[in-house]
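One structure is given here, and the rest of the page talks about it.
The values are calculated or read from the model by the stated rules, or taken from the named source; none is laboratory data. Computed from a prediction, not measured in an experiment: that's the story for all the values here. Cβ sites come from the backbone with ideal geometry, for glycine too, and all protein chains shown count toward neighbours. Note: accessible area is taken over every heavy atom of the protein model, side chains too, but ligands, DNA and RNA are not part of it. Shrake-Rupley method; radii C 1.70, N 1.55, O 1.52, S 1.80 Å.
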Amino acid sequence: MSFEQALARLGLLEDAGDQEVRKAYRKLAVLYHPDKNPEGRAEFELVQKAYQVLSKKGEAEAEAPGAGRTLELLMKTQAILYERCSTELAMYRYPCYQMLCALLEKEMQAGNDSMVCACAQVLAITAAVDPGNAQELVLTNGLTIVVDVLHRCLATVQPATARDNEQLKTCAFACQAAAAVVGEPVGRAEICKLESADDNRRSLVRAVVSAMRVEQSPALKTAALHFCVAASQHPELLGKLVEAGALWSVLGVAL
């Protein structure tokens, strides 16, 4: 989508400021959000894309010193709000998974472990507070991002890795997000699709089972175990868990 097309989609003039862009985006996002307008998903995604395009015009300012830290603090603030006010916020669907996943991919490629961890935490917490959020995460292709994050971060973990390592924390958040997703039919369908690809790099089940073997992170073990317990309740995934050696990993955690 071009800059001009994005302006037209949000009904803005070329000299529109950041505040005008945000106002127009929020108005249209509410109008076309799938929760209120089931037939508006396609338009909702176009509105999100237009907002992303227009937001890039301030990219030079975003790269200024201190901007990255501000964005990370924004992620952490969202996580705190969802942790402390989950019941109240569960009434509203999290609307920014597409942008959040794009940011997560960008920061992962840049090697910004702290920012990746903050984004993964928001993914995990928002997906857990409401089934609708978990479904929305899957529908915006967020599950494939979660799987990629989990595989990449696990690949860096060594026996000497400290338990407070950012990548270990990110793995735990990825497992938490996966545990929320597996409880939803659309999530299980997507997981089964990934498992049927016969590609270990795309397998969520194998990654989670591997995560249970990381000795230095009780939080990661617990999150991975929650996923396995939730997945084992569904026949289509139980066989995949057994094939990946989940039984022995679970026994190892129990003992």
Practice item. Determine if the range 14-22 includes at least one residue that is farther than 26 Å from Asn133 by Cα, outside any helix (DSSP H, G or I) and in contact (Cβ under 8 Å) with a residue 24 or more places away in the chain. Key: yes
Review point. Do we have Ala189 as within 12 Å of Val116 (Cα to Cα) and under 18 Å from the mean Cα position of the chain (by Cα) here?
Key: no
Revision key, fill the gap. Taking the range 1-50 and keeping residues open to solvent by 70 Å² or more (accessible area, probe 1.4 Å), touching a helix residue (DSSP H, G or I) at 6+ places or on another chain (Cβ under 9 Å) and among the polar types (S, T, N, Q) leaves Gln5
Revision key, fill the gap. Filtering helices (runs of 4 or more DSSP H) wholly in the range 107-224 for at least 2 residues that are farther than 26 Å from Lys49 by Cα and free of Cβ contacts under 8 Å to residues at least 24 places away in the same chain gives 142-156, 185-196
Review point. Within the range 115-166, which residues are among the small types (Gly, Ala, Ser), under 22 Å from Leu81 (Cβ atoms) and surrounded by fewer than 18 Cβ atoms within 10 Å (Cβ to Cβ)?
Key: Gly132
Practice item. Select from the range 54-79 the residues that are open to solvent by 60 Å² or more (accessible area, probe 1.4 Å), assigned to a helix (DSSP H, G or I) and not charged (D, E, K, R) and write down the one among them that is modelled with the lowest pLDDT. Key: Ala60
Revision key, fill the gap. (1) open to solvent by 60 Å² or more (accessible area, probe 1.4 Å); (2) more than 21 Å from Met108 (Cβ to Cβ); (3) among the charged types (D, E, K, R); (4) in contact with a helix residue (DSSP H, G or I) (Cβ under 7 Å, 6 or more places away or on another chain) all hold for Asp198 apart from (4)
Check your understanding: Is it the case that Val205 is at pLDDT 90 or above, closer than 24 Å to Ala79 by Cα and surrounded by 21 or more Cβ atoms within 10 Å (Cβ to Cβ)?
Key -> no
Review point. Does the range 80-97 hold any residues that are open to solvent by less than 60 Å² (accessible area, probe 1.4 Å) and either without any contact (Cβ under 8 Å) to a residue 12 or more places away in the chain or closer than 12 Å to Glu136 by Cα (or both), and which are they?
Key: Cys85, Tyr94, Pro95, Cys96, Tyr97
Revision key, fill the gap. Of the listed residues (Tyr25, Tyr51, Tyr94), the one being modelled with pLDDT of 80 or more and either in contact with a Ser or Thr (Cβ under 6 Å, 6 or more places away or on another chain) or among the β-branched types (Val, Ile, Thr) (or both) is Tyr94
Study note, to complete from the structure: The lone condition Tyr82 fails out of (1) at pLDDT below 90; (2) assigned to a helix (DSSP H, G or I) is (1)
